[in-house]
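Visitor: Below you will find the structure I want to go over with you.
The values are calculated or read from the model by the stated rules, or taken from the named source; none is laboratory data. Source: prediction; values computed, not measured. Methodologically, a virtual Cβ is constructed for each residue, glycine included, from the backbone with ideal geometry; neighbour enumeration extends over all protein chains shown.
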Amino acid sequence: MQACLGRVLPEPKIAPERLHQAMRYAAQGGGKRVRPLLVFAAGDVSRASQERLEIVAAAVELIHAYSLVHDDLPCMDDDTLRRGKPTTHIEYDEATALLVGDSLQSLAFQLLAEFVVADEPATQLKMAGILAHAAGSRGMAGGQAIDLASVDKALSLPELEMMHIHKTGALIRASVQLGALAGHELPEAKLKALDQFAKWIGLAFQVIDDVLDAEGNTATLGKTAGKDAKDNKPTYAGIMGISGARDFAYELKDRAEAALSELGESAHRLGEIGRYIVERKF
Ligand code: GRG
C-alpha cells in the first residue's frame, strides 16, 4: 500500500511542492491500513487481481487519510498528534491541511476514473458511486456532522450506533464492497453476506476505538488518548463501561464471523482481519 501510494501521489518535487509534500506526509505517514486490508481480503472472495485491488485500496485509504487531516483541524477535533507525529496542520499550516484533504479526496476519485478496476465499465461507475456515497453527507461526512453536534449531549445507544454507522462504518463497508466488486461477479447472496460482515465489523472497530481511547495510552495509540471524555463526547465505553464495551465488540465480531460462514475458505482473511480489529492495541 505504501509503495502504491508512493506511485499515485504527485511527486513532491512537482509544483506546488509544499502541498505535494504535505499530501505524502498525511497519506504515507503510517496507520494500520485496515481499510486497504479489507479491500484486499474482500477481493479474495471475488478473485480480483492485485493490480486492481491496489488501486481500489489506495482510493479508500486516500479518503480515510483526508478525513483524518480534516478531523484534526482546530475547527473540528483540534488535535496535535496523529500516527505518532504532529498532525498535518501542525507540521505545515491550517490552509495547507485543508488543501491536503481536498486534494487527497480528489485523487481518490481520479484513480477510480483513470485505472480499470472492474470487469465492466458499469460496475466501475457503480464503485465510484459507492465510494462517493460512503464519504459524503449520507456517510462519513454526515457522521462527522452528527458527532460534532453531539458534544455535551447524552446519546442513547441507538443514536450512538447511528452516528458511528455513518462516521466510521460507511467507509469500512465501502472497502469490503469495492474489493468484492473489483473481481468476478458474485451472486447477490454473497454480496449480502459480505455487507453484513462489514456492517458488524465496522461497528466493532468503533467500539474498540472508544475502549482504547478510554484506556488512554497516548504513546501506544500515536494519538491523544482520553480525548472523548475530555471533550465530553458520548462513547460506548462511557455508556457500557470499558469491559462491557469490550464484550460488546466481541459479540459484534462473532456476528461478523457468522455472516462469513457461507463464503467458505475465500473469506478466510476477512475473518482474520475481524479478529485483529477487536484484539488490536492501537
Ligand atoms: C472530516 C469528513 C470528515 C470526517 C472525519 C474518520 C473521521 C471522520 C474522524 C476520525 C476521528 C475518529 C477518532 C474516528 C473514529 C475511528 C477512526 C476512524 C479512527 C481512525 O482510524 P484508524 O484507527 O486510523 O484506522 P489509522 O491511523 O490506523 O489509519
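Visitor: Being in contact (Cβ under 8 Å) with a residue 24 or more places away in the chain, touching a Leu at 6+ places or on another chain (Cβ under 8 Å) and not β-branched (V, I, T) is the filter here, so list the residues in the range 123-149 that pass it.
Guide: K126, M127, L131, A134, A135, G139, M140 - these are the residues of the range 123-149 that are in contact (Cβ under 8 Å) with a residue 24 or more places away in the chain, touching a Leu at 6+ places or on another chain (Cβ under 8 Å) and not β-branched (V, I, T).
Visitor: Which condition number does L73 fail, the rest of (1) within 14 Å of the ligand (Cβ to nearest atom); (2) part of a helix (DSSP H, G or I) being met?
Guide: Of (1) within 14 Å of the ligand (Cβ to nearest atom); (2) part of a helix (DSSP H, G or I), only one is false for L73: (2).
Visitor: Quick check on this structure: which one of I172, I146, I165 is within 9 Å of the ligand (Cβ to nearest atom) and crowded, with 16+ Cβ neighbours inside 10 Å?
Guide: I172
Visitor: Scan the range 53-72 and report the pairs whose first residue is aromatic (F, W, Y) and whose second residue is at pLDDT 95 or above and near the ligand (Cβ under 8 Å from one of its atoms), with Cβ atoms within less than 8 Å and a gap of 6+ or a chain change.
Guide: Going by the 8 Å Cβ cut-off, the qualifying pairs are Y66/G101.
Visitor: Looking only at residues that are in contact (Cβ under 8 Å) with a residue 60 or more places away in the chain and among the hydroxyl-bearing types (S, T, Y) in the range 91-122, which one is surrounded by the most Cβ atoms within 10 Å (Cβ to Cβ)?
Guide: S103
Rundown of residues vs (1) of a type in the set (A, V, I, L, M); (2) within 26 Å of F115 (Cα to Cα), yes/no style:
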residue	(1), (2)
A135	yes, yes
D147	no, no
S156	no, no
E159	no, no
I165	yes, no
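Visitor: Which of the residues that make up the range 97-148 are assigned to a loop (DSSP other than H, G, I, E, B) and of a type in the set (G, A, S)? Can you show your working first?
Guide: Initial filter on the range 97-148 (assigned to a loop (DSSP other than H, G, I, E, B)): 115-120, 136-139.
Hits for the range 97-148 are A118, G136, S137, G139.
Visitor: Please work out if L68 is buried (at least 16 other Cβ atoms within 10 Å of the Cβ), in contact with an Asp or Glu (Cβ under 8 Å, 6 or more places away or on another chain) and not in a strand (DSSP E or B).
Guide: no
Visitor: A further question follows. For the range 190-212, how many residues meet the condition of being within 17 Å of the chain's Cα centre (by Cα) and either within 14 Å of the ligand (Cβ to nearest atom) or not in a helix (DSSP H, G or I) (or both)? Before the answer, list the steps.
Guide: Within the range 190-212, the first condition is being within 17 Å of the chain's Cα centre (by Cα), and the residues that meet it are 194-210, 212.
Add one more test, that the residue is either within 14 Å of the ligand (Cβ to nearest atom) or not in a helix (DSSP H, G or I) (or both), and what stays is 201-210, 212.
Total satisfying the criteria: 11.
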